[in-house]
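The values are calculated or read from the model by the stated rules, or taken from the named source; none is laboratory data. The model shown is predicted, which means the values in this text are computed figures rather than measured ones. Virtual Cβ from ideal backbone geometry, glycine too; neighbours counted across all protein chains shown.
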Amino acid sequence: MGRILYRTAGESHGAGVLALVEGLPAGLAVDLDSIHDALRRRRGGYGRGPRQKIEEDRVEVLAGLRRGRTLGSPLALWIVNRDRTIDRRVPRTVPRPGHADLAGLLRIGGTDVHAVAERASARETAGRVAAGAVARLLLREIGVEVAGFVVAIGGIEAPSAPAAIRGILRRASRSDCYGTDPATDRAWRRRIDLARAGGDSVGGIVEVRAEGAPPGLGSCAQWDERLDGRLALAVMSVPAIKGVEIGPAFESAARFGSRVHDGIVLRAGRLRRTGNRAGGIEGGMTNGECVVVRAAMKPLSTLARPLPSVDLATGRPAPATVIRTDTCAVPAASVVCEAVVALVLADAAVERFGAVTVAELRSDADRARRALLRR
Ligand code: EPS
């Protein structure tokens, strides 16, 4: 059974970030511009901090490509860090509440928070975004388009996004908050400015949609094969994400079942659904509707006006360490969530169709769709 597996390596201020992607079918054209575009979006967004002006995030392909196409061997992508100050950082011994600092030091021992924070930093997500950009290219080969965008910042929710993914992509690409409504962008910018002025940070909600996913990705046969569980793991593992839902799950929990489930109807000889409250997944498998995943991001944990903490070197109370950070990274998180959703769906597609080459994957996915229509 083919699987796409990915790992990352790299510290925030080390030599760079590595993404290793295994299981990509042979013959996929990998255009570096798409990867650079995704990395540019991850670096950007209103509310980002000074680090993003330092980094350029150019990708070097270390392995896995010949003449711009995958060989079916592991793909290794390398993103150089311009800030490589890992060995010059002065020790900081006051952990920041909300960060990995304290839990990590309780795990590995010592008092210098850099020993934990270097790897826990969201800089690592550059690797996931680079890998995810390749997964998006693979999904496009089988007619799947994935888009991440922002739906709320600091409690201000945008009106419903356009139904078609092209409209979402167009609008989010014009917005510095990666939203779909310019009026809400203005309110979000004001909220972010307010947080910055108060030495504070602000979180929000992002949504990822995947349109055109062939039905039957994932499985109900085993708990860890269920696609909703795999998506939740991938999205929840993004730094600062504390909640994940498929479709409007938390809203549906308050309703009667008759107001939640999407009816099945025959229209012009084709199976159709009366809605998509299931978020495109039933029984742990794609059902042919748009996959909709939402994630709640907490406000970032480094605060210019710091919370109380304890100096681990002296045992005395002290304000938490303050270092350079973002006021709001919700737009960036929408790009990271888009990447990890694409990686899960690409994995599930390769698993479902067992394809060794991109051409096989394309014809198998077409066959699955045609079979559905015939029925
Ligand atoms: C980030 C890199 C980091 C932070 C931020 C996001 O760089 P630096 O520590 O040099 O400023 O700006 O990290 C966090 C908010 C975090 O929680 O780790 C990045 O590249 O996304």
In the stretch 283-317, what residues are hydroxyl-bearing (Ser, Thr, Tyr) and either away from the ligand (no atom under 16 Å from the Cβ) or more than 27 Å from the chain's Cα centre (by Cα) (or both)? THR286, SER309, THR314
Filter the stretch 337-355 for residues that are of a type in the set (D, E, K, R) and within 16 Å of the chain's Cα centre (by Cα); which is farthest from GLY132 (Cα to Cα)? ASP347
Restricting to the stretch 92-120, count the residues that are over 17 Å from VAL322 (Cβ atoms), surrounded by fewer than 16 Cβ atoms within 10 Å (Cβ to Cβ) and not aliphatic (A, V, I, L, M). 4
Every residue from the stretch 283-321 that is closer than 30 Å to ILE246 by Cβ and exposed (fewer than 15 other Cβ atoms within 10 Å of the Cβ): GLY283
Tell me, which strands (runs of 3 or more DSSP E) wholly within the stretch 185-282 include 1 or more residues that are crowded, with 16+ Cβ neighbours inside 10 Å and within 16 Å of the ligand (Cβ to nearest atom)? 204-211, 241-246
When only residues in the stretch 290-307 that are in contact with a strand residue (DSSP E or B) (Cβ under 6 Å, 6 or more places away or on another chain) and either at pLDDT below 95 or of a type outside the set (Lys, Arg) (or both) count, which is farthest from VAL341 (Cα to Cα)? PRO306
ALA163 passes all but one of the listed conditions (1) among the hydrophobic types (A, V, I, L, M, F, W, C); (2) more than 13 Å from PRO331 (Cβ to Cβ); (3) touching a residue at least 12 places away in the same chain (Cβ under 8 Å); the exception is number (3)
It is to be established whether one or more residues within the stretch 319-339 are more than 16 Å from the ligand (Cβ to nearest atom) and either part of a loop (DSSP other than H, G, I, E, B) or at pLDDT 95 or above (or both). yes
Tell me which residues, restricted to the stretch 286-318, are small (Gly, Ala, Ser) and in a strand (DSSP E or B). ALA295, ALA296, SER309, ALA318
Looking at the stretch 247-266 only, could you name the residues that are more than 20 Å from the chain's Cα centre (by Cα) and either of a type in the set (A, V, I, L, M) or within 20 Å of PRO214 (Cβ to Cβ) (or both)? ALA253, ALA254, VAL260, ASP262, ILE264, VAL265, LEU266
Residue that is surrounded by the most Cβ atoms within 10 Å (Cβ to Cβ), among those in the stretch 33-61 that are free of Cβ contacts under 8 Å to residues at least 24 places away in the same chain and away from the ligand (no atom under 11 Å from the Cβ): HIS36
Please find, among LEU106, LEU77, LEU65, the residue that is more than 11 Å from the ligand (Cβ to nearest atom), among the hydrophobic types (A, V, I, L, M, F, W, C), within 16 Å of GLY10 (Cβ to Cβ) and without any contact (Cβ under 8 Å) to a residue 60 or more places away in the chain. LEU77
Taking GLU245 and the conditions (1) in contact with a strand residue (DSSP E or B) (Cβ under 9 Å, 6 or more places away or on another chain); (2) among the acidic types (Asp, Glu); (3) over 30 Å from HIS99 (Cβ atoms), which numbered condition does it fall short on, given that it satisfies the others? (3)
